[in-house]
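The values are calculated or read from the model by the stated rules, or taken from the named source; none is laboratory data. Computed from a predicted structure; not experimentally measured. Backbone-built Cβ (ideal geometry, glycine too); neighbour counts: all protein chains shown. We work out accessible area using only protein heavy atoms, side chains counted, and drop any ligands, DNA or RNA first. Shrake-Rupley method; radii C 1.70, N 1.55, O 1.52, S 1.80 Å.
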Amino acid sequence: MFFLKTLHHTVRLPPQFFGPRLREHVERKLYDEVEGHIEGRYGHIICVLDILDVGRGVLQPMTGLAEFNVVYKALVLKVFKNMVVDGVVTTVNQLGFWAEIGPLQMFVAATLIPSYYRFDPSANPPAYVSDGEEADISLRIEKGQAVRARIIGMRTDAREIFCVGTIKEDYLGPQEEL
Amino acid sequence: MESRQHVVLPPDRYPVTIITLRVDAGQNVQKDDVLGIYEYQGTVMVKDRESQQERPVQKRVKEELRSQWTGRIDKVAVQPGQTVTDPREPLAIVVEPCGHLIQVRGICATCGKDLSIGDYMGNDMTRATINMAHDALGVTVSRDVAEKLDKDTSERLLKERKLTLILDLDQTVVHATVDSTVREWKADPSNPNYPFLQDVHVFGIPHYQTHYVKLRPGTREFLADMNKIFEMHIYTMGSRAYANKIAEIIDPDRTLFKNRILSRDENLSRSFKSIQRLFPSDQSMVVVLDDRSDVWHWSPNLYKILPFTFFVGTGDINALPTDPPPAQRRPSLNAGGLNSGPDEKSDEVEEVEESQEVLAQLEDAQHHALEELEKNRPLQKLSEETEKDEETEPMNIDESRAGAEQATPTSVTQPPADHQGQSPRTQRRRPVLSENDRELDRVKQVLLDVHKMFYDVQDKEHAAPDVRKIMSQAKSEVLQGVKVVFSLVFPTNVDPSTQDLWLGAEHFGARCSLELTDDVTHVVTVEQTDGSRSDKVKRARQMPGVFVVKPEWLVHSISRWERQKEAGYLLEKVCRGPPPSIETAGMSELDEDDEAILSGRWEHENDIYLKLGHDDIEAMNREIEDALADDSTEEGDGDASQQSDFDLDAALDAEFDALLEEDDTQESVKKRTSDEAGLNRLREPTSPPSPSSLPPTKKTRTDDADIIK
């Protein structure tokens, strides 16, 4: 789910940037440091929408760096357990498949793919193919296919968030059009 | 995925007596819940009150039986009061709702539970530790699941009548370099190498130099044919980006390899490859094709192909930079001291995981090596040298042509990598590069045979045969009955029986030794730069039926699964094997002992030597020196008159031999002892050298010099 959040970030600016364009430097450094990164509680920071306050820099006595406590408004993506998400398949193998949900990686194990999907290693590219008996139409899960899945577990590391999902429920699985 | 777990106790507790039970079938239990109380005969340390010392005491100990799992009790197999003696008999069965058999970086892929959180009994991440996917995205499975997946694969392949082929890239099907000379030559039609470079592929990899890649001749046909009977995988020590680029070249529409590509980024180790990485439990249908055997620990599944060297002077750009590149390395010198015993039975997945730091260092080292290579431009140097040679020594062309013929054993075969290092001398007036490698055709034939044998057995016995057995069998027949002695091949500071060449020879049915014995058939040795010969070689060339060959004979026999004809690999230009020239020089009156002494096989030779003390030897030395004093002056006179008849080489040869002898007292003592035993007689006919019988004269002259010093 996407949220609009007001967040804080401390920017430490080296002395060579002190001057007339100081504010610009602080803003650029903020974009560099937070956009595309993960904030433990809030998930992925997709982009900074507005910088509300740069504050007055405080000089650090030992280092000469100036510390700015920046308040900004950002678009964040946070996923929750049991959330249904849409993604794009990236890798398919006999253990299951990986999908990308924006910046997130998701793995769906073969056991959580409905049993009427068979893994076909001789297909090019390899794919899970429904045999068409239980499913009304022949569907394929292959690289590039849009899928809808439910998140059953997730993990937040320092650099990335990834989750495991299932498509073994009604209305989940390959989608015609996202 | 439900999984049934058996509640058992450590084997050393048995027999145990159940005192009470606290659960019934159908009940749900949490991890660490008490299921009951049991009693066993235990040893406890009791502190003695008087002596204050601890001593073990046997006594009945009561303990709680706890569940290691959260789940439903399916069955309680014991009654209160019952005594259980068999440690394999489960006390109860707990059905877990999820066995966490497939995990992704600490999360169960089936139930989504975070398994990295453990308790005092450890965490559940240890249940699934095998990574068997080609990628390194972090999906791990348990042994059970791995076995099932392996079995599925085998069944599918049997149905399609295919086997698995794991293919190496560098120097097996392609040769890559970063030498930018290639670009210049490729654009210059006047360059003699121009025609060979037209199908060289050029690509860039971020953070690396531009790569120039040449396919081994016949690669495309080979892959297309193999694809019909093999499911092919790429397993390379190159980076992922590199592997993908090469795959794009050799398999543009991705029909051959699909996504079955494993690079060093996904491999656990930078120095070894492992079939278990892809096939954790069943390797009976896997054939490996690689130019290096040490990285595979001489796996029985391996077919070792001769390395493909197109860009002379460049080795395997993705090999560990600490190794000397194959172009310069002797087969014996690589990866010394690796404990590379083939562990055929080992089912464990090898996890020689190197720390991130080490990997980063290796990466740096490789960057360095590539930069060096780019800077050094071995190709350009080589061709410059060639040109210089041509200018300065136009007179010697004939001689070096002859040399070239010797270096290339048979005209059809590609000269081995070692020789290409010397090619500026041998391949003058020709382009530095050449395109006559046909190894893949041989490999194709062997692999077709393996496939046929596998499915012949399969059809006859209806039981899945084992590629390892078929290949080991075929390999061991190649050098059947051959006994090899190595001389000057291995460095003295390593155990020769761990070396590539030694292990290889043994795998192919030869017996290996360092001692020259009667049953030896081949002496493998390297050409010394100064033309000198080792003790073993000298003795061996007196032995009838013993071939003195270069290591390439062994390397080629191993790589081609076919005993090569020794004629092309002999150390000396003339074969001095079966018809020893001495005997033809009118020595027919020799008795058996003399002959044995002559050929260095006299059985009592060592006895005499052993019985002699140091003083005896010295005394003997003096005696012989005295006795030979006039002989040698005579010899000198003879030399002077003959000088014009000997070619320079022979004279030098003799001198080298003589010099070498002086250093080696043991050798000289042996020679002298045999001399005493009757060689005086042998020298007689040669002392007035007759110009008419030159070859034998030459031969004995050499021997004379040996003895005389």
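Here are a few things to note about the model shown:
- Subset tally (residues that are open to solvent by 40 Å² or more (accessible area, probe 1.4 Å) and at the interface with chain B (Cβ under 9 Å from one of its Cβ atoms)) for region A:91-110: 2
- Positions within region B:7-61 being assigned to a strand (DSSP E or B) and closer than 22 Å to residue B:71 by Cα, in sequence order: B:7, B:18, B:20, B:21, B:28, B:29, B:34, B:35, B:36, B:37, B:38
- Selection within region B:206-249 - open to solvent by less than 10 Å² (accessible area, probe 1.4 Å), among the β-branched types (Val, Ile, Thr) and within 24 Å of residue B:270 (Cβ to Cβ): B:213, B:234, B:236, B:246
Conditions (1) of a type in the set (Val, Ile, Thr); (2) assigned by TED's automatic domain parsing to the domain that holds residue A:158; (3) exposed (fewer than 12 other Cβ atoms within 10 Å of the Cβ); (4) farther than 30 Å from residue A:154 by Cβ, marked per residue:
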{"residue": "A:11", "(1), (2), (3), (4)": "yes, no, no, no"}
{"residue": "A:22", "(1), (2), (3), (4)": "no, no, no, yes"}
{"residue": "A:31", "(1), (2), (3), (4)": "no, no, no, no"}
{"residue": "A:72", "(1), (2), (3), (4)": "no, no, no, no"}
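- Just one residue in the set B:115, B:169, B:91, B:165 is assigned by TED's automatic domain parsing to the domain that holds residue B:30, open to solvent by less than 10 Å² (accessible area, probe 1.4 Å) and either farther than 30 Å from residue B:245 by Cβ or in contact with a strand residue (DSSP E or B) (Cβ under 9 Å, 6 or more places away or on another chain) (or both); that residue is B:91.
- Meets criteria (buried (at least 20 other Cβ atoms within 10 Å of the Cβ), over 22 Å from the mean Cα position of the chain (by Cα) and away from chain B (no Cβ under 11 Å)) for residue A:171: no
- The one condition in (1) in a loop (DSSP other than H, G, I, E, B); (2) over 30 Å from residue B:13 (Cβ atoms); (3) more than 13 Å from every other protein chain (Cβ to nearest Cβ) that residue B:112 fails to fulfil: (3)
Results for (1) over 46 Å from the mean Cα position of the chain (by Cα); (2) modelled with pLDDT of 85 or more; (3) crowded, with 18+ Cβ neighbours inside 10 Å, shown as yes or no for each residue.
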{"site": "B:37", "(1), (2), (3)": "yes, yes, no"}
{"site": "B:50", "(1), (2), (3)": "yes, no, no"}
{"site": "B:61", "(1), (2), (3)": "yes, yes, no"}
{"site": "B:71", "(1), (2), (3)": "yes, yes, yes"}
{"site": "B:77", "(1), (2), (3)": "yes, yes, no"}
{"site": "B:83", "(1), (2), (3)": "yes, yes, no"}
{"site": "B:99", "(1), (2), (3)": "no, yes, yes"}
{"site": "B:123", "(1), (2), (3)": "no, no, no"}
{"site": "B:130", "(1), (2), (3)": "no, yes, yes"}
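- Residues that are among the polar types (S, T, N, Q) and touching a residue at least 40 places away in the same chain (Cβ under 8 Å) were ranked within region B:440-490; the one that is least open to solvent (accessible area, probe 1.4 Å) is B:487.
- There is at least one residue in region B:148-156 that is touching a residue at least 24 places away in the same chain (Cβ under 8 Å), part of a helix (DSSP H, G or I), more than 8 Å from chain A (Cβ to nearest Cβ) and charged (D, E, K, R).
- Residue ID - nearest to the other protein chains (Cβ to nearest Cβ), chosen from residues in region B:132-147 that are touching a residue at least 60 places away in the same chain (Cβ under 8 Å) and assigned to a helix (DSSP H, G or I): B:146
- Output for region A:111-120, where each listed residue is of a type in the set (Phe, Trp, Tyr) and within 14 Å of chain B (Cβ to nearest Cβ): A:119
- Per the listing B:401, B:425, B:429, B:377, the residue uniquely on the phi > 0 side of the Ramachandran plot and modelled with pLDDT under 65 is B:429.
- The single condition from (1) modelled with pLDDT of 90 or more; (2) more than 46 Å from the chain's Cα centre (by Cα); (3) within 30 Å of residue A:82 (Cα to Cα); (4) open to solvent by less than 90 Å² (accessible area, probe 1.4 Å) that residue B:28 fails is (4).
- The listed residues are A:84, A:58, and the only one of them that is surrounded by fewer than 16 Cβ atoms within 10 Å (Cβ to Cβ) and within 24 Å of residue A:27 (Cα to Cα) turns out to be A:58.
- Test: residue in region B:164-180 that is on the phi < 0 side of the Ramachandran plot, within 13 Å of chain A (Cβ to nearest Cβ) and in contact (Cβ under 8 Å) with a residue 24 or more places away in the chain: yes
- Restricting attention to region B:253-288, the residues that are of a type in the set (Asp, Glu), in contact (Cβ under 8 Å) with a residue 24 or more places away in the chain and closer than 20 Å to residue A:91 by Cα add up to 2.
- Test: residue in region A:158-168 that is in contact with a Pro (Cβ under 6 Å, 6 or more places away or on another chain) and in a strand (DSSP E or B): no
- Restricted to region B:421-530, the set of helices (runs of 4 or more DSSP H) holding at least 3 residues that are under 23 Å from the mean Cα position of the chain (by Cα), assigned by TED's automatic domain parsing to the domain that holds residue B:565 and over 30 Å from residue B:194 (Cα atoms) comprises B:500-507.
- Residue match in region B:530-544 (condition: of a type in the set (S, T, N, Q), open to solvent by less than 20 Å² (accessible area, probe 1.4 Å) and at pLDDT 80 or above): no
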